[in-house]
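Trainee: Quick one: this structure, given as structure tokens, is what I'll be asking you about.
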Amino acid sequence: MADMKLLIVEDHKSLQDGIKSYILQHTEICHVSCTQDGKIGYKMLVEGDFDVMITDLNLPSLNGFQLIEQIKKHKSRLKIIVLTMHYNRAIVK
């Protein structure tokens, strides 16, 4: 687990920093990268060797739904955790 690489794609910097801080303090994950933009996140994922992505759904440039759809074509083994403030389950499904 110590070699696991995580990418956080979250447009709210304070939330992004909080997630990163928590992960680094409370897990064995030692490599955490962040971006606030969906297109940059996509590029980082394609060029990098990430194991897990935490993403918001509402992102600039490329939203979370589009990001997930596109990255799954290249990185089918990537584990994805989605963060959202949407209350409606139909939006997330």
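Just so it is clear, none of the values below were taken in a lab; they were calculated from the coordinates. Small disclaimer: the values here were computed from a predicted structure and weren't measured. Methodologically, a virtual Cβ is constructed for each residue, glycine included, from the backbone with ideal geometry; neighbour enumeration extends over all protein chains shown.
Trainee: As an exercise, identify the trypsin sites (Lys or Arg not before Pro) in the stretch 44-76 lying in DSSP coil whose Cβ has no more than 13 other Cβ atoms within 10 Å.
Mentor: Lys73
Trainee: Further question on the same structure: For the chain, with the dipole built from +1 on Lys and Arg beta-carbon atoms and -1 on Asp and Glu ones, taken about the Cα centre, which of Ile40, Ser76, Ile8 lies farthest toward the positive end?
Mentor: Of Ile40, Ser76, Ile8, it is Ser76.
Trainee: Another question about this same structure. Return the calculated 222 nm mean residue ellipticity for the chain, to the nearest 500 deg cm²/dmol, obtained by summing -39500 (n - 2.57) across DSSP H runs with n ≥ 4 and dividing by the residue count.
Mentor: -11500 deg cm²/dmol
Trainee: Same structure again: Would you tally the net charge around Ile81, using a Cβ to Cβ cut-off of less than 15 Å, leaving Ile81 out, and scoring K and R as +1, D and E as -1?
Mentor: +3
Trainee: Please compute the modelled spin-label separation between Val52 and Asp3, points set 7 Å along Cα→Cβ, answer in nm with one decimal.
Mentor: 1.7
Trainee: Taking the chain as a Gaussian network, where each spring joins two C-alpha atoms under 10 Å apart, which residue of Gln16, Gln66, Gln36 fluctuates the most?
Mentor: Gln66
Trainee: First obtain the Kirkwood hydrodynamic radius of the stretch 37-86 from its Cα pairs, then insert it into the Stokes-Einstein equation at 4 °C and 1.567 mPa s, and state the resulting D in µm² per second as a whole number.
Mentor: 121
Trainee: Oh, and also: Using 0.36 nm per residue of separation minus the Cα-Cα distance, give me the extension gain between Ser14 and Lys79 in nm, one decimal.
Mentor: Stretched out fully, the Ser14 to Lys79 stretch lengthens by 21.1 nm.
Trainee: Over the chain, how many pairs of lysines fall under 18 Å by alpha carbon, counting only those 8 or more apart in sequence or from different chains?
Mentor: 16
Trainee: Between the stretch 1-58 and the stretch 62-80, how many Å separate their Cα centres?
Mentor: A separation of 14 Å, based on Cα centres.
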